[in-house]
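Data block below; observations after.
The values are calculated or read from the model by the stated rules, or taken from the named source; none is laboratory data. For clarity, every value in this text was computed on a predicted model and none was experimentally measured. Methodologically, a virtual Cβ is constructed for each residue, glycine included, from the backbone with ideal geometry; neighbour enumeration extends over all protein chains shown.
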Amino acid sequence: MTISPLRIALAVAALGLHLGSAAAQPAAISFDITPRAGQHQRQLMDMQMLMKTRVEAGPDATEEQRAKIAQAQQQMAQMGQMKMGLRMEQTLKVGQPDQQGWLPMTVAVVGKGGQIEVGGNQMPLPQDKKMDLSVDARFNPQDFAFEITQVQGATGVDEMLRTKGAGMLTEALQLAKVLSQRPLKVGESVDVPMSMALPMPIPGGAGKMDSKVRYTLKRVDRGVAYFDLAMDMQIDANTPLPDPAASAASAADAAPAAPQAMNMQLTGTGKGSSTLRLADRLALSTQLDMDMKMEMQVPNNSRVFMDMQMKIQSKGEALGKAVGKPAAAPAKKKS
């Protein structure tokens, strides 16, 4: 079989285009943002929430219950939507390693007050020290293991504080841990587990939701990585409610009431962006807009519906300089 020179030329040209395209693909970037000795950073966070609530009678509600629920809904409609703003400060401080290479570190969260607006009336929220929490721990940068040495908070028993402290430490280390395990090319994504407290207290300590944030690398420019964020959340939980207080006269004769629970279902999505400075592992800024819908089935045969829009913004500041090998910057393309 004779192969024409034209077909050979076309095949060589096609191979050249393929090789040139493969060479032009940027290499994956390894993000080493593990906390290092001497690191001291602060994140200033601002949360703005807009909540609309309505209540409806359930299918098993009595006429008396329906009348009370209708009255409650009328009062909610008159008050209108509720606006809330909260400000917090989170700090991370890392000390010098011990003989085994473990790093002492402190993560602290301090409330900075805020404001609430209901029915057109705005009221300031004081700096509630009950929300402040400080966790001392030792951290192993090799496998991201940590051991809590002390937890300080204004409220709660020791075990509850340790649980909250462990969750806060895990949250602070999640992004660094996930990125350390997977180099990324521009356009690729990683999912980072995220836990966050809901803005309203829920009996039984169930005011917590778990979700994931997807970080998609958009570009790296002058040592700063730019990410797009996408968040999905869903929760379905039964929360025990405290028994209603019984009068002393009837308490002796009354049979123990069956425990009551509130069912809560929540779904939501979020989008935003984040920037990360590689040299000192500092999250320069984060912006996340979330839309959430919540439905609660309560024991008085009523259903509460809430639509919530939440905007979270944070700004990072470096208060100290980390010691150790700097994060690797992407290699420059050869011309």
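Below are the figures for this structure:
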{"item": "Test for Gln265: is it surrounded by fewer than 13 Cβ atoms within 10 Å (Cβ to Cβ), under 26 Å from the mean Cα position of the chain (by Cα), modelled with pLDDT under 85 and assigned to a strand (DSSP E or B)", "result": "no"}
{"item": "Any chance Pro97 is of a type outside the set (Val, Ile, Thr), part of a loop (DSSP other than H, G, I, E, B), over 28 Å from Glu295 (Cβ atoms) and out of contact with any Lys or Arg (no Cβ under 8 Å at 6 or more places or on another chain)", "result": "yes"}
{"item": "Given (1) surrounded by fewer than 15 Cβ atoms within 10 Å (Cβ to Cβ); (2) under 18 Å from the mean Cα position of the chain (by Cα); (3) at pLDDT below 70, number of the condition Lys271 does not satisfy", "result": "(3)"}
{"item": "Residue that is nearest to Glu295 (Cα to Cα) [pool: residues in region 50-82 that are in contact (Cβ under 8 Å) with a residue 12 or more places away in the chain and acidic (Asp, Glu)]", "result": "Glu56"}
{"item": "Residue list for region 113-144, restricted to those being over 30 Å from Gln78 (Cα atoms) and in contact with a Lys or Arg (Cβ under 8 Å, 6 or more places away or on another chain)", "result": "Leu133, Pro141, Phe144"}
{"item": "Residue among Val224, Val190, Val186, Val178 that alone is modelled with pLDDT of 65 or more and in contact with a helix residue (DSSP H, G or I) (Cβ under 6 Å, 6 or more places away or on another chain)", "result": "Val190"}
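Listed here are the residues, each with its yes/no results for (1) at pLDDT below 90; (2) of a type in the set (A, V, I, L, M); (3) surrounded by fewer than 15 Cβ atoms within 10 Å (Cβ to Cβ); (4) within 26 Å of Leu44 (Cα to Cα).
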residue: Met290; (1), (2), (3), (4): no, yes, no, yes
residue: Ile312; (1), (2), (3), (4): no, yes, no, yes
residue: Ala318; (1), (2), (3), (4): no, yes, no, yes
residue: Lys325; (1), (2), (3), (4): yes, no, yes, no
residue: Ala328; (1), (2), (3), (4): yes, yes, yes, no
residue: Lys333; (1), (2), (3), (4): yes, no, yes, no
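Table: residues versus (1) touching a His at 6+ places or on another chain (Cβ under 7 Å); (2) part of a loop (DSSP other than H, G, I, E, B); (3) modelled with pLDDT of 90 or more; (4) surrounded by fewer than 16 Cβ atoms within 10 Å (Cβ to Cβ).
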| site | (1), (2), (3), (4) |
| --- | --- |
| Thr34 | no, yes, no, no |
| Ala37 | no, yes, yes, no |
| Gln43 | no, no, yes, no |
| Pro59 | no, yes, no, yes |
| Glu64 | no, no, no, yes |
| Ala67 | no, no, no, yes |
